[in-house]
Amino acid sequence: MTDLMLPLPYRVTARRLEATDTVTLTLAPVGEGIGTWEPGQFTMLYGFGVGEVPISISGGDGGRIHHTVRDVGAVSHALCGTGVGGRLGVRGPYGHGWDPDSAEGNDLLLVAGGIGLAPLRPVLTWALARRERYGRIALLVGARTPADLLYPREYPAWRAAGVQLLVTVDRADAGWGGHVGVVTTLVDQADFAPDNTVAFVCGPEPMMRFTARALGARGVPDRAVRVSLERNMRCGIALCGHCQLGPLLVCRDGPVASYDVAGQLLDVKEL
Amino acid sequence: MITNTAYQLLAAHPFLAGMDQPQLNRLASWGHRSSFHAGTRIFSEGGQADRFWLIREGRVALDTHVPGRGDVVIETLGPGSVLGWSWLFSPFRWHFGAATVEPTLTVEMDGKGVRRLCDEDPVIGYELNRRFVQVVVQRLQATRVRLLDLYSGPGDRR
Ligand SMILES: Cc1cc2nc3c(=O)[nH]c(=O)nc-3n(C[C@H](O)[C@H](O)[C@H](O)COP(=O)(O)OP(=O)(O)OC[C@H]3O[C@@H](n4cnc5c(N)ncnc54)[C@H](O)[C@@H]3O)c2cc1C
Ligand code: FES
């Protein structure tokens, strides 16, 4: 039997700098791989000798997986610094993802703040591969500056596939001709039917709270809004209790949760 | 007829949604269509604020001049938004500048005329003030949210 706590060795086969502090790694299994995964699931990614952190799967093909990692501390720094040919350990896939099947027949609204686009990218890939099953698809992206935008090379293909892609930044530089303002200000400009929409929202917690409120103001009920929760994790498999948020263990019951449940937990400052 | 056209444009604009026909008719006499090429300065910081615009298409950037950095964009406004509220409050000066980013279609409203109309007809006055307050509150909230530096992670040291 596979030891659930034992990372499987993966090799970095490609490394792309997405933004000043963010890197997308393509990982291929050295031997056995983690198997199939669903949009919104994460792995525990292990930098040998440094430590292990939860990172969402941002894409993949065949047995290879993509992870987009932002350098914020010791482990993520080591992961971001791993070059092509370098080895990392992977456990997973873990958690309860976006479940895009359950949104079929609805308009799909994806709202991403900063690194939050990473776990949403597989939803977009998924929905575009099954385009006829969804109504309108809109993707709202917010980032601090134009240089912080993830995957800009993929924008033209998304737009060509009929996605309404609205992008905004907090701070513009001279070359920026797009929106300036927080991502919540895009909600009013997106095309969707509020009573027939499922919204997937991912970003830092305040961003998700304000986005859910803006969606509520447009008539999207909390139960139709799903957010991806972030808590520090250790085991990833509901053993250690490290990721507890009220009654939820984020590694098992999340990271994706419906906002009618998660909203109350996020509104409480410390649980 | 110009007034008719302005009426139809006002009736179709989300900012005025729900206002009744006589109210829109009275407002329409203070409005006309106006369009701008991309890159047109509509007003400058500190200038006299005597108008406002209902944006129908295009995008307008609000900016301010920062020495050494030029005109820094603070926010952009798109279709369905209203541009300018300084015409409502003393000292009637623009707090920021505004320039179009894209070709932009608007209904331009005469601020002094609309202020007089509000004085004469308190029902319209109340209704418009309520809507403008809502816009100001939304922008204030957006500014506060922006101050939170939304996209930084919990452990962000930047
Ligand atoms: C389900 C899930 C999916 C994630 N997906 C991604 C992803 O795709 N890409 C990505 O870059 N990051 C992702 N993260 C966040 C990532 O796990 C953290 O950035 C990482 O754990 C930081 O570890 P570190 O050792 O680099 O920094 P540390 O030194 O551990 O952290 C730096 C600081 O941030 C705080 N901190 C770190 N992570 C968290 C957290 N999750 N909640 C609260 N405080 C925290 C620490 O307390 C510390 O103060 C995800 C997190 C979760 C739970
Ligand atoms: S990380 Fe251990 S219980 Fe969730």
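The values are calculated or read from the model by the stated rules, or taken from the named source; none is laboratory data. These numbers come from a predicted model, not from an experiment. Every residue, glycine as well, gets a Cβ built from its backbone with ideal geometry; the counts of neighbours run over all protein chains shown. Note: areas computed on protein heavy atoms with side chains; ligands, DNA, RNA excluded. Shrake-Rupley method; radii C 1.70, N 1.55, O 1.52, S 1.80 Å.
Before moving on, here are some points about what is shown:
Condition check ((1) surrounded by fewer than 23 Cβ atoms within 10 Å (Cβ to Cβ); (2) within 14 Å of chain B (Cβ to nearest Cβ); (3) within 16 Å of ligand 2 (Cβ to nearest atom)) across all residues:
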{"residue": "A:Ile55", "(1), (2), (3)": "no, yes, yes"}
{"residue": "A:Gly59", "(1), (2), (3)": "yes, no, no"}
{"residue": "A:His66", "(1), (2), (3)": "yes, no, no"}
{"residue": "A:Val69", "(1), (2), (3)": "no, yes, no"}
{"residue": "A:Gly81", "(1), (2), (3)": "yes, no, no"}
{"residue": "A:Gly85", "(1), (2), (3)": "yes, no, no"}
{"residue": "A:Asp99", "(1), (2), (3)": "yes, no, no"}
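- Of all residues in the range A:19-33 being open to solvent by 20 Å² or more (accessible area, probe 1.4 Å) and either within 13 Å of ligand 1 (Cβ to nearest atom) or within 14 Å of chain B (Cβ to nearest Cβ) (or both), the one that is modelled with the lowest pLDDT: A:Thr20
- Residue that is least open to solvent (accessible area, probe 1.4 Å), among those in the range A:166-194 that are more than 16 Å from B:Arg59 (Cβ to Cβ) and charged (D, E, K, R): A:Asp170
- Residue match in the range A:182-201 (condition: within 12 Å of ligand 1 (Cβ to nearest atom) and on the phi < 0 side of the Ramachandran plot): no
The rows are residues; the columns are (1) under 22 Å from B:Thr5 (Cβ atoms); (2) more than 16 Å from ligand 1 (Cβ to nearest atom); (3) in a strand (DSSP E or B).
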| site | (1), (2), (3) |
| --- | --- |
| B:Asp71 | no, yes, yes |
| B:Lys112 | yes, yes, no |
| B:Gln141 | no, yes, no |
| B:Asp149 | no, no, no |
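- One residue from B:Gly84, B:Gly97 being buried (at least 20 other Cβ atoms within 10 Å of the Cβ) and more than 14 Å from chain A (Cβ to nearest Cβ): B:Gly84
- Conditions (1) more than 6 Å from ligand 2 (Cβ to nearest atom); (2) more than 14 Å from chain B (Cβ to nearest Cβ); (3) over 15 Å from A:Gly40 (Cα atoms); number of the one not met by A:Asp253: (3)
- Just one residue in the set A:Arg159, A:Arg131 is open to solvent by 10 Å² or more (accessible area, probe 1.4 Å) and over 30 Å from B:His13 (Cβ atoms); that residue is A:Arg131.
- Only one of the numbered conditions (1) more than 13 Å from ligand 1 (Cβ to nearest atom); (2) assigned to a strand (DSSP E or B); (3) open to solvent by 50 Å² or more (accessible area, probe 1.4 Å) is not met by A:Thr36, and that is (2).
- Criterion: within 16 Å of ligand 2 (Cβ to nearest atom) and at pLDDT below 90 - qualifying residue of A:Leu229, A:Leu265: A:Leu265
- Residue selected from the range A:236-271 under the condition open to solvent by less than 10 Å² (accessible area, probe 1.4 Å) and assigned to a loop (DSSP other than H, G, I, E, B), by the criterion farthest from ligand 1 (Cβ to nearest atom): A:Gly236
- Condition met for A:Ala161 (within 29 Å of A:Glu52 (Cβ to Cβ) and assigned by the TED database to the domain that holds A:Ala257): no
- Lone qualifier among A:Gly33, A:Gly40, A:Gly59 - being over 23 Å from A:Leu150 (Cβ atoms) and touching a residue at least 24 places away in the same chain (Cβ under 8 Å): A:Gly33
- Count - residues of the range A:187-214 that are facing chain B (nearest Cβ under 9 Å) and within 24 Å of B:Pro103 (Cβ to Cβ): 2
- Whichever residue in the range A:112-157 is part of a helix (DSSP H, G or I) and of a type in the set (Lys, Arg) and, among such residues, is nearest to A:Pro54 (Cα to Cα): A:Arg121
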